[in-house]
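Novice: Here you go, one structure.
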Ligand SMILES: [Zn+2]
């Protein structure tokens, strides 16, 4: 396994739609393992293939329970453990088949260091996807799992989270990034 380089915005690959995976071979499984390792190494809870410069519709996720940022409020620590905490997920060719409710969460992104902003998403999503062997599965996601899936699915559609912010917030984020990252 290998830790891959995480691509930072404004790389073009982050705003390009990834294409469906049709080959479920050893090289795909190696890539999935590398994505999990990269996500772990970067302390991320979700990663899309675009973020490591690859345009396949592959997402990895793993949301630790009770291991939140110090910046987040204490209520997060009191959150009950859900079935999806501490579980490794790999979604290949994921599709959201149904959404319900509204949920607002302060999101961050490995491709936007230091940017954290509240984004409106659906509270619950039903997702169909394939695993790294091509086997189909479905899940019903709530809470942070639901937020994370929607954020990562945007990535493979070439949509970054500043596209979901108000124009004012997005401009502030762009300014902050242009100061931090020499272009
Ligand atoms: Zn992201």
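The values are calculated or read from the model by the stated rules, or taken from the named source; none is laboratory data. Nothing here was measured: the structure is a model prediction, and the numbers come from that model. Using ideal geometry, Cβ is built from the backbone for each residue, glycine included, and neighbour counts are taken over all protein chains shown.
Novice: May I ask you to list the residues in the range 17-33 that are in contact (Cβ under 8 Å) with a residue 40 or more places away in the chain, surrounded by 13 or more Cβ atoms within 10 Å (Cβ to Cβ) and over 15 Å from the mean Cα position of the chain (by Cα)?
Specialist: 21, 24, 28, 29
Novice: Let me ask you something else. So residue 68 passes all but one of these: (1) at negative phi; (2) more than 15 Å from the chain's Cα centre (by Cα); (3) modelled with pLDDT of 95 or more. Which condition number does it fail?
Specialist: Just one mismatch for residue 68, condition (3).
Novice: If you go through the range 131-144 one residue at a time, do you hit one that is within 16 Å of the ligand (Cβ to nearest atom) and more than 29 Å from residue 179 (Cα to Cα)?
Specialist: Yes - at least one qualifying residue is present in the range 131-144.
Novice: Also: More than 22 Å from residue 50 (Cα to Cα) and touching a residue at least 40 places away in the same chain (Cβ under 8 Å): is that true of residue 133 in this structure?
Specialist: When the stated conditions are applied, residue 133 does not pass them.
Novice: Pairs, please: C-beta under 6 Å, at least 6 apart or cross-chain, first residue touching a residue at least 24 places away in the same chain (Cβ under 8 Å) and in the range 99-118, second in a strand (DSSP E or B) and within 12 Å of the ligand (Cβ to nearest atom)?
Specialist: So the pair list comes out as 106/116; 107/119; 116/108.
Novice: Looking at the range 147-169 only, could you name the residues that are more than 15 Å from the ligand (Cβ to nearest atom) and either buried (at least 23 other Cβ atoms within 10 Å of the Cβ) or in contact (Cβ under 8 Å) with a residue 40 or more places away in the chain (or both)?
Specialist: 169
Novice: Applying the selection to the range 15-49, what residues are farther than 22 Å from residue 145 by Cβ, assigned to a helix (DSSP H, G or I) and more than 16 Å from the ligand (Cβ to nearest atom)?
Specialist: If the condition is that a residue be farther than 22 Å from residue 145 by Cβ, assigned to a helix (DSSP H, G or I) and more than 16 Å from the ligand (Cβ to nearest atom), then 26, 27, 28, 29, 30, 31, 34 are the ones that fit.
Novice: Shifting gears a bit: Exactly one condition in (1) under 25 Å from residue 136 (Cα atoms); (2) in contact with a strand residue (DSSP E or B) (Cβ under 6 Å, 6 or more places away or on another chain); (3) at pLDDT below 95 is false for residue 57; which is it?
Specialist: For residue 57, the failing item is (3).
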